[in-house]
């Protein structure tokens, strides 16, 4: 999970680093999708980013929930941050996530791993209707069919368990082949 | 639950009556809502119908799933039948209903009662974006806030457990006060 | 899905066959599991059956909901029918299934296919605490770890989309690798 | 929500107070229930506590998720802390909560209010099989039927939105009348 919103938060970079060594941090994870008029997921949007090791990684949209920020506002903020201000996300009506991903700093405790922190990520599938443009540090935004998105070739480019989370999302919407 | 689509089905009226005495019938129940851009439910649409006893009842959208019909197609069909062809329902991505209401011909087995049949109703909250007009035999379509919709005055006009189903829907979307 | 409870129902074999050509039939599908004291799924139980083609198939527990039968009673009845009267299923508290599998007589409409009928199957993960013995026409009951159960070798022995349903169940309980 | 586990955490009381002014804190909320063999909720357990204002409040089980603690371990810890070491909770198989309650330090933002902090509480219904004894600072543990638990008399003794959360839980398990 990328972390770029530090400056928009209520903590200095040092304070956030300190808190991350002491407390689980609340995150949202978003699987952005295009749907047809019958509610069927047609494509899933994955961000491409250059990793510090020189590889190209595929990523979901995700980020921290800020102090005094509602989950639905965090969802809008992170989708617009990563997919652009015209992406027009349809925020879920219910606060119930399709799953909760527990990212641990120690690998192997759960399928999810984040070396920087213990993050508790509420995960949602979010349709986007509008014009999506990758922003921030992403190289590109690629739309894949459910079959492509759950292929081994794609999943091996996803790290920290995000491939598992993507497959859970596809299972939830009935598109895991 | 009103039943008006018999002629669109694959059974004669007599055959359907016969099946209803032998088998549970698959239904969908829809709580139609208006939402704001943050996904918050602002109003709930209830149909007004004149009952055979001369009272005015409030009802959700519901109806049978036909042979060889997908649940998402049944949702579209029943919303458009009751709210009009321009209602533009946003069909849920996941087939998982927020609850299953078991309507029994015998009162008291569950909170749900339908004297005509044993119906197993998959229940969904469905946002409608478009222009809604009550069709068929409904007198009117009224939009109520969540607080109004869960008031005793409204619930006492709902029958067969539909008031309970409405409150379950409001609880699911975080709007039950 | 096997269908062996016909004689226990309210229809003759001919009447049931007739209804199946006209109406969607309500089913329950059960993924039986063993869990540890922390609620983690440790193993999944699959039935082995000899198919009419001479192959050995792996199957979930499933069957019809009868007229005037509650879903939770159908779950108990089918688990005890397939896993024995001492299997001690823990029936879910909520009627909300983790998914709904739409079995169509025509292949390819959904991932689920049943040549005999259009079945709408409410799917639940059900822990069993007791002594499980395969009954009826099953050859054996085999307990597999989540990793084994989601392997290609196992999934290719499951038919009609049951392998997809099993993977959806594993995703729901956070055990899909 | 009571907060008594500070000493078991990784922060001093001052550090926790400081973090609470900066970050949302991850909580679990538990509705403890007794169920029958068919999975039907028969009673709900509520803790009685003397408030600082001299009134008797009714409370759900809840508390913080610690750094490097899994949600299911936090559920066990808080149930055993409040209901005793012999309460034998059945931890849910899926990490998916039935809802997420957002407790804000400012009243009115959501139905949930906690003057001390912004808490994001993952809420679960947890059956307890064993012998339950109120521990810690609770005066008593009272078991109520679903109808009693959702009565106005009980709900007015619950604070900070816990009555709303209880009703959401009852709706989820199909017991909200």
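Numbers below:
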quantity	calculated
Condition met for residue B:44 (within 14 Å of chain A (Cβ to nearest Cβ) and over 27 Å from residue C:107 (Cβ atoms))	yes
Residues that are surrounded by fewer than 18 Cβ atoms within 10 Å (Cβ to Cβ) and assigned to a helix (DSSP H, G or I), drawn from segment B:155-175	B:155
Hits in segment A:18-48 (condition: surrounded by fewer than 19 Cβ atoms within 10 Å (Cβ to Cβ) and within 18 Å of the chain's Cα centre (by Cα))	A:34, A:43, A:48
Condition check for residue D:141: touching a residue at least 12 places away in the same chain (Cβ under 8 Å), in a strand (DSSP E or B) and surrounded by fewer than 22 Cβ atoms within 10 Å (Cβ to Cβ)	yes
From D:117, D:162, residue being within 14 Å of chain A (Cβ to nearest Cβ) and closer than 17 Å to residue D:28 by Cα	D:117
Residue within segment B:102-109 that is under 14 Å from the mean Cα position of the chain (by Cα), part of a loop (DSSP other than H, G, I, E, B) and modelled with pLDDT under 95 present	no
Residue within segment A:61-81 that is within 14 Å of chain B (Cβ to nearest Cβ) and in contact with a helix residue (DSSP H, G or I) (Cβ under 7 Å, 6 or more places away or on another chain) present	no
Subset of segment C:54-96 (residues that are under 26 Å from residue D:91 (Cβ atoms), under 13 Å from the mean Cα position of the chain (by Cα) and in a loop (DSSP other than H, G, I, E, B))	C:60
Test for residue A:32: is it within 13 Å of chain B (Cβ to nearest Cβ), in contact with a strand residue (DSSP E or B) (Cβ under 6 Å, 6 or more places away or on another chain) and in a loop (DSSP other than H, G, I, E, B)	no
Which listed residue, of A:120, A:173, A:128, is in contact with a helix residue (DSSP H, G or I) (Cβ under 9 Å, 6 or more places away or on another chain) and under 17 Å from residue C:168 (Cβ atoms)	A:173
Filter pass, residue C:123 being buried (at least 21 other Cβ atoms within 10 Å of the Cβ), within 17 Å of residue D:94 (Cα to Cα) and in contact (Cβ under 8 Å) with a residue 40 or more places away in the chain	yes
Residues of segment C:35-53 satisfying the condition of being within 30 Å of residue B:102 (Cα to Cα) and in a strand (DSSP E or B)	C:35, C:41, C:44, C:45, C:46, C:47
Test: residue in segment B:95-114 that is without any contact (Cβ under 8 Å) to a residue 12 or more places away in the chain, more than 30 Å from residue D:156 (Cα to Cα), crowded, with 16+ Cβ neighbours inside 10 Å and within 14 Å of chain A (Cβ to nearest Cβ)	yes
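The values are calculated or read from the model by the stated rules, or taken from the named source; none is laboratory data. Please read these numbers as outputs of a predicted model, since none were measured by experiment. Please note: Cβ atoms are built from the backbone with ideal geometry, for glycine as well, and neighbour counts cover all protein chains shown.
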